[in-house]
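Student: Supplied in structure tokens, the structure appears directly below.
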Amino acid sequence: MAAPKALDGLPVTALKGVGERVRQLLDKLHLHSVQDLLFHLPLRYEDRSYLTPIGGLQTGVHAQVEGRVELSEVTAKGRRALVCRVADGSGLLNLRFFHFTAAQMGKLSRGARVRCYGEPREGYYGLEMVHPDWQVLAEGEDHPLGHTLTPIYPLTEGLHQKSLRRLIEQALDLALNSSGLVDLLPPELLAQQGLPSLPEALRQLHRPPARATLASLKTAQQRLAFEELLAHHLSLSRLRSRARLRRAPALDLPAREAQRFRASLPFPLTAAQTRVIAEILADLATEHPMMRLVQGDVGSGKTVVAAHAALAALASGCQVAVMAPTELLAEQHHRSFSQWLNPLGVEVAFLAGKHKGAVRRGVLEEIAHGSAGVIVGTHALFQETVEFRRLGLIVIDEQHRFGVHQRLALREKGARDGRYPHQLIMTATPIPRTLAMLGYADLDVSVIDELPPGRTPVKTTVLPATRRPDIIARIADWVRSGRQVYWVCTLIEESELLQCEAAEKAAVALAEALPNVRCALIHGRMKPAEKDAVMSAFKAGESDLLVATTVIEVGVDVPNAGLMVIENPERLGLAQLHQLRGRVGRGPGDSHCVLMYQPPLSASAQSRLATLRETGDGFVIAERDLELRGPGELMGVRQTGQVQFRVADLLRDGAMLERVKSSAETLLDENPERVQLLLRRWLAQGEQYVEV
Ligand code: ADP
Ligand code: MG
């Protein structure tokens, strides 16, 4: 089906005007092939197909005008600028240029006929346009207006709008005039979905007629988004169905043992926990590897659910690997699992980076020998030469730190004699429904939608930094009553060093202001062993106030710490703030979170903080986060390795997913040969999940 000059294989350098410098610039925008250029869509359009009489200009409304330069001078009043007065018989307009060359001055001299496009605004001497797009029209020649809207593309520094536009023009000509771009969606499917063909959609988007309606542009965009979502859906569902074909050891938890375990717990399970445990046990009992995601808000009690799964594995003679994103958290799991399972005669091993030499060899031996039933650690568990005797289950906590690919690599690694371990993934990051449908299409999802009883919701207050003295007084009271406090310092995430310095400073200042309070400090640049020591001391009640950076975001449980002050919360995203706040409200008694911001707040920061004050519901917060930030950032590359889209936007296009799903089935039935081509077109090479 692929034509000889397929545009996906044609490098951008095949186009006129692309030398090494431009190629590098395009590279930054991830535009490597001619096809990539075609899928690089405009941010917006400008209508330069008509002229507006100067007398009819409105401030703030972009417009195109044409007139004669009556006066051109460099003014020294205020900021030095070249000002040209242009008249068209209906009114006067000043063009103002703060940056200009002698050549420009020469062209824009008195008497020249100019056409320009820009945003008029009220200046000191009447209407003006600052740095409009302009051209001088040669006398005696015809200068017809365009018939199409002018697309404005996303750029990168050093690349000009006009150059990129010209390249995309060339790419479009190639696409429309050759057979290099194949429409992978069959006409019947397009007709059924009311979507245009690929060439039509591309023409509409890059070269829309001047009279194009918003609706027609939107339909064209949907055409591409639909195809992209379809590709992602197909790839993930393929992944899933292949996983279904794999074999796994069937794990069974005898009812008697389950009962014995429950009776040993200091609390009854919630209904939600019981339901999710049943879902997991049903999966484990089959001979195919479970791939299940357990979603539960912070504090919903995911660990004990995982312990049930572990018991099933142990009862069937298999080992369990429990993987946490940080050593601190791994240690906490080690403690929980030991506490619960040691009485049942299960040995729980802990493999940390800090274990070296003989200790490490000892642990590795226990794992290889099989005397360790449960092995807790960080992802180092799978990077190193750890040999399991018979691994039946992998539990991954706080999944948002691992991507699809790491997950798969893990499963491969645990395979033995054609049997693959089951996977249970736990996350506190609530995943909005649309994302769950797509980004996690290779997983089954269980939700713990209930908190253990007796938890009071965290009361959240939003205060400006000017109230710091009051907040400090409140900390003193709080500590006097025997409870503990977190003080979280935030800074732009990129700068860990600055963040640590800020925390160090805050710790010194707080220790000074609160002489009767035992202060401790924890930050990301401390060695794991130091961090662990500080955290364990805090947990043991040996310090009252823990000044921390966002390193405490994930999972550590100190029920007696019921007050958290977050400094400069406006710098963080909603999901992260929610996660941080989840550190309090884990014990009896009321709990509080004070968001101490630096005024003035931007509108979006205001809206984030208000959301936190109003709700503690992780799902509401996730939906709101998606609205405010968009899925790209929410499931950011750095964070997850989750899907990134070129055209689709789950917030805008999420409603299409149902239709995408049914079309995927039709396509698989009727045109299976196109599936591979779709994946190749839309997914990055490592994401095609083809050979899995
Ligand atoms: P998360 O879902 O955030 O990982 P954890 O598993 O750490 O939550 O549980 C938080 C706390 O709640 C722990 O101290 C745990 O022992 C406790 N817990 C779990 N389930 C229940 C329950 N059903 N009733 C009371 N406390 C519970
Ligand atoms: Mg947890």
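Student: I'd like the full set of residues that are touching a Gly at 6+ places or on another chain (Cβ under 6 Å), closer than 18 Å to R390 by Cα and of a type in the set (A, V, I, L, M, F, W, C), limited to segment 305-348.
Tutor: A313, L314, C318, V346
Student: To continue, here is another question. So, in segment 446-458, exactly how many residues are surrounded by fewer than 16 Cβ atoms within 10 Å (Cβ to Cβ) and more than 16 Å from ligand 2 (Cβ to nearest atom)?
Tutor: 4
Student: If only one of L29, L82 is within 30 Å of P199 (Cα to Cα) and not β-branched (V, I, T), which one is it?
Tutor: Working: L82 fails: within 30 Å of P199 (Cα to Cα).
Just one listed residue meets the conditions, L29.
Student: Can you report the number of residues in segment 636-656 which are modelled with pLDDT of 75 or more and in a helix (DSSP H, G or I)? Before you say what the answer is, go through the steps one by one.
Tutor: In the first step, residues of segment 636-656 are kept if they are modelled with pLDDT of 75 or more; the result is 645-649, 652-656.
Going one step further and asking which of them are in a helix (DSSP H, G or I), we end up with 652-656.
Of the residues in segment 636-656, 5 are modelled with pLDDT of 75 or more and in a helix (DSSP H, G or I).
Student: Moving to a separate point now. Looking at (1) farther than 15 Å from P249 by Cβ; (2) more than 15 Å from ligand 2 (Cβ to nearest atom); (3) touching a Pro at 6+ places or on another chain (Cβ under 9 Å), which is the one condition that is false for R292?
Tutor: Answer for R292: the failing condition is (3).
Student: Read through the list (1) under 23 Å from the mean Cα position of the chain (by Cα); (2) outside any helix (DSSP H, G or I); (3) modelled with pLDDT under 70, then give the number of the only condition that V690 fails.
Tutor: (1)
Student: Identify, please: which residue in segment 288-314 is out of contact with any strand residue (DSSP E or B) (no Cβ under 6 Å at 6 or more places or on another chain) and farther than 24 Å from A622 by Cβ and is, among those, modelled with the lowest pLDDT?
Tutor: Filtering segment 288-314 for residues that are out of contact with any strand residue (DSSP E or B) (no Cβ under 6 Å at 6 or more places or on another chain) and farther than 24 Å from A622 by Cβ, the one modelled with the lowest pLDDT comes out as H288.
Student: Could you tell me which residue of segment 236-268 is farthest from ligand 1 (Cβ to nearest atom), considering only residues that are under 20 Å from F337 (Cβ atoms) and not in a loop (DSSP other than H, G, I, E, B)?
Tutor: Across segment 236-268, the extreme among qualifying residues is E257.
Student: Could I ask something else about it? R115 fails exactly one of the following numbered conditions: (1) at pLDDT 95 or above; (2) touching a Phe, Trp or Tyr at 6+ places or on another chain (Cβ under 8 Å); (3) within 26 Å of A201 (Cβ to Cβ). What is the number of that condition?
Tutor: Looking at each condition in turn, R115 falls short on (3).
Student: May I ask you to list the residues in segment 185-197 that are crowded, with 20+ Cβ neighbours inside 10 Å and within 18 Å of L7 (Cβ to Cβ)?
Tutor: L185
Student: In segment 252-274, is there at least one residue being under 15 Å from L391 (Cα atoms) and not basic (K, R)?
Tutor: Start the filter on segment 252-274 by keeping residues that are under 15 Å from L391 (Cα atoms), which leaves 252.
Retained after the next criterion (residues that are not basic (K, R)): 252.
Yes, the conditions are met somewhere in segment 252-274.
Student: Kindly check whether there is at least one residue in segment 334-357 that is without any contact (Cβ under 8 Å) to a residue 60 or more places away in the chain, closer than 18 Å to D557 by Cα, crowded, with 23+ Cβ neighbours inside 10 Å and within 13 Å of ligand 1 (Cβ to nearest atom).
Tutor: Within segment 334-357, the first condition is being without any contact (Cβ under 8 Å) to a residue 60 or more places away in the chain, and the residues that meet it are 334-339, 341-342, 345-351, 355-357.
Then drop every residue that is not closer than 18 Å to D557 by Cα, which leaves 334-339.
Okay, now just the ones that are also crowded, with 23+ Cβ neighbours inside 10 Å, so 337.
Going one step further and asking which of them are within 13 Å of ligand 1 (Cβ to nearest atom), we end up with 337.
Looking for residues that are without any contact (Cβ under 8 Å) to a residue 60 or more places away in the chain, closer than 18 Å to D557 by Cα, crowded, with 23+ Cβ neighbours inside 10 Å and within 13 Å of ligand 1 (Cβ to nearest atom), one finds at least one in segment 334-357, hence yes.
Student: What number goes with the only condition from (1) in contact (Cβ under 8 Å) with a residue 40 or more places away in the chain; (2) near ligand 1 (Cβ under 8 Å from one of its atoms); (3) surrounded by fewer than 24 Cβ atoms within 10 Å (Cβ to Cβ) that A271 does not pass?
Tutor: (2)
Student: Something else about it: Looking at (1) in contact (Cβ under 8 Å) with a residue 40 or more places away in the chain; (2) at positive phi, which one does A175 not meet, given that it meets all the others?
Tutor: (2)
Student: Hey, another quick one. Only one of R624, R659, R680 is basic (K, R), at pLDDT 80 or above, buried (at least 20 other Cβ atoms within 10 Å of the Cβ) and assigned to a helix (DSSP H, G or I); which? Even if it seems obvious, please write down each step before you answer.
Tutor: Working: R659 fails: buried (at least 20 other Cβ atoms within 10 Å of the Cβ); R680 fails: buried (at least 20 other Cβ atoms within 10 Å of the Cβ).
Answer to the check: R624.
Student: Could I ask something else about it? Is it true that L281 is touching a residue at least 24 places away in the same chain (Cβ under 8 Å), of a type outside the set (V, I, T), closer than 22 Å to L341 by Cβ and part of a loop (DSSP other than H, G, I, E, B)?
Tutor: On the way: touching a residue at least 24 places away in the same chain (Cβ under 8 Å): yes; of a type outside the set (V, I, T): yes; closer than 22 Å to L341 by Cβ: yes; part of a loop (DSSP other than H, G, I, E, B): no.
So L281 does not fit the description; no.
Student: Now for a separate question. Considering only segment 225-239, state which residues are crowded, with 18+ Cβ neighbours inside 10 Å and within 16 Å of R674 (Cβ to Cβ). Steps first, answer last, please.
Tutor: In the first step, residues of segment 225-239 are kept if they are crowded, with 18+ Cβ neighbours inside 10 Å; the result is 225-236, 238-239.
Correct list: F226, E227, E228, L229, L230, A231, H232, H233, L234, S235, R238.
Student: On to the next question. Of all residues in segment 557-566, count the ones that are surrounded by fewer than 23 Cβ atoms within 10 Å (Cβ to Cβ) and in contact (Cβ under 8 Å) with a residue 60 or more places away in the chain.
Tutor: Within segment 557-566, the subset surrounded by fewer than 23 Cβ atoms within 10 Å (Cβ to Cβ) is 557-560.
Narrowing further to those that are in contact (Cβ under 8 Å) with a residue 60 or more places away in the chain: 557-558, 560.
Result for segment 557-566: 3.
Student: Cβ-Cβ under 6 Å, sequence separation 6+ or interchain: first residue in segment 402-429 and of a type in the set (G, A, S), partner at pLDDT below 75. Which pairs?
Tutor: From residues that are of a type in the set (G, A, S), the pairs are G403/T640; G403/G641.
Student: While we're looking at this one, here's another question. For segment 576-621: of the residues being basic (K, R) and more than 16 Å from ligand 2 (Cβ to nearest atom), which is surrounded by the fewest Cβ atoms within 10 Å (Cβ to Cβ)?
Tutor: Going through segment 576-621, the residues basic (K, R) turn out to be 581, 583, 586, 608, 613.
Remaining after also requiring more than 16 Å from ligand 2 (Cβ to nearest atom): 608, 613.
Numbers: R608: 24, R613: 14.
Among those that are basic (K, R) and more than 16 Å from ligand 2 (Cβ to nearest atom), it is R613.
Student: Turning to a different aspect of this structure: Would you mind stating whether D283 is crowded, with 19+ Cβ neighbours inside 10 Å, at pLDDT 90 or above and among the charged types (D, E, K, R)?
Tutor: Values: crowded, with 19+ Cβ neighbours inside 10 Å: yes; at pLDDT 90 or above: yes; among the charged types (D, E, K, R): yes.
In short, yes.
Student: Of all residues in segment 528-587, count the ones that are more than 16 Å from ligand 1 (Cβ to nearest atom), among the charged types (D, E, K, R) and part of a loop (DSSP other than H, G, I, E, B).
Tutor: The number of residues fulfilling the criteria is 2.
Student: Could you tell me which residue of segment 540-555 is modelled with the highest pLDDT, considering only residues that are over 13 Å from I522 (Cα atoms) and within 15 Å of ligand 2 (Cβ to nearest atom)?
Tutor: This residue is V554.
Student: Pick out, from segment 20-120, the helices (runs of 4 or more DSSP H) lying fully within it that include 1 or more residues that are exposed (fewer than 15 other Cβ atoms within 10 Å of the Cβ) and of a type outside the set (D, E, K, R). Talk me through it step by step, then tell me what you get.
Tutor: Values: elements: 20-28, 34-38, 102-107.
So the answer is 20-28, 102-107.
Student: Output the residues belonging to segment 374-384 that are touching a helix residue (DSSP H, G or I) at 6+ places or on another chain (Cβ under 8 Å) and surrounded by fewer than 24 Cβ atoms within 10 Å (Cβ to Cβ). Spell out the reasoning first.
Tutor: To start, the set of residues in segment 374-384 that are touching a helix residue (DSSP H, G or I) at 6+ places or on another chain (Cβ under 8 Å) comprises 374-379, 382.
Matches in segment 374-384: T378, H379, F382.
Student: For the list (1) within 25 Å of R244 (Cβ to Cβ); (2) in contact with a Pro (Cβ under 8 Å, 6 or more places away or on another chain), I need the number of the one condition that A352 fails.
Tutor: Status for A352: all satisfied but (1).
Student: Only one of V395, V374 is in contact with an Asp or Glu (Cβ under 8 Å, 6 or more places away or on another chain) and modelled with pLDDT of 90 or more. Can you tell me which? It would help to see each step written out before you state the result.
Tutor: On the way: V395 fails: in contact with an Asp or Glu (Cβ under 8 Å, 6 or more places away or on another chain).
Answer to the check: V374.
Student: For segment 292-318, how many residues meet the condition of being more than 6 Å from ligand 1 (Cβ to nearest atom), outside any loop (DSSP other than H, G, I, E, B) and in contact with a Lys or Arg (Cβ under 7 Å, 6 or more places away or on another chain)? Let's see the steps before the verdict.
Tutor: Residues of segment 292-318 that are more than 6 Å from ligand 1 (Cβ to nearest atom), as a first pass: 292-295, 297, 305-318.
In the following step, the residues that additionally are outside any loop (DSSP other than H, G, I, E, B) were identified as 292-295, 305-315.
The next check asks that each one be in contact with a Lys or Arg (Cβ under 7 Å, 6 or more places away or on another chain); those that pass are 294.
Number satisfying all stated conditions: 1.
Student: Here's something else I'd like to know. Evaluate segment 227-235: report whether one residue or more is at pLDDT 95 or above, of a type in the set (D, E, K, R), more than 17 Å from D444 (Cβ to Cβ) and more than 15 Å from ligand 1 (Cβ to nearest atom). If you could, list the steps in order and put the result at the bottom.
Tutor: Residues of segment 227-235 that are at pLDDT 95 or above, as a first pass: 227.
Filter once more, keeping what is of a type in the set (D, E, K, R): 227.
Pick out the ones that are also more than 17 Å from D444 (Cβ to Cβ) and you get 227.
Adding the requirement that they be more than 15 Å from ligand 1 (Cβ to nearest atom) leaves 227.
Yes, because at least one residue in segment 227-235 is at pLDDT 95 or above, of a type in the set (D, E, K, R), more than 17 Å from D444 (Cβ to Cβ) and more than 15 Å from ligand 1 (Cβ to nearest atom).
Student: Hey, among A215, A220, A210, which residue is small (G, A, S) and closer than 21 Å to L678 by Cα? It would help to see each step written out before you state the result.
Tutor: Details: A215 fails: closer than 21 Å to L678 by Cα; A210 fails: closer than 21 Å to L678 by Cα.
None of the others qualify; the one that does is A220.
Student: Does R207 count as among the charged types (D, E, K, R) and either within 16 Å of ligand 1 (Cβ to nearest atom) or crowded, with 19+ Cβ neighbours inside 10 Å (or both)? Let's see the steps before the verdict.
Tutor: Working: among the charged types (D, E, K, R): yes; either within 16 Å of ligand 1 (Cβ to nearest atom) or crowded, with 19+ Cβ neighbours inside 10 Å (or both): yes.
Yes, satisfied.
The values are calculated or read from the model by the stated rules, or taken from the named source; none is laboratory data. Small disclaimer: the values here were computed from a predicted structure and weren't measured. Neighbour counts are summed over all protein chains in view; Cβ atoms, including those assigned to glycine, are modelled from backbone coordinates with ideal geometry.
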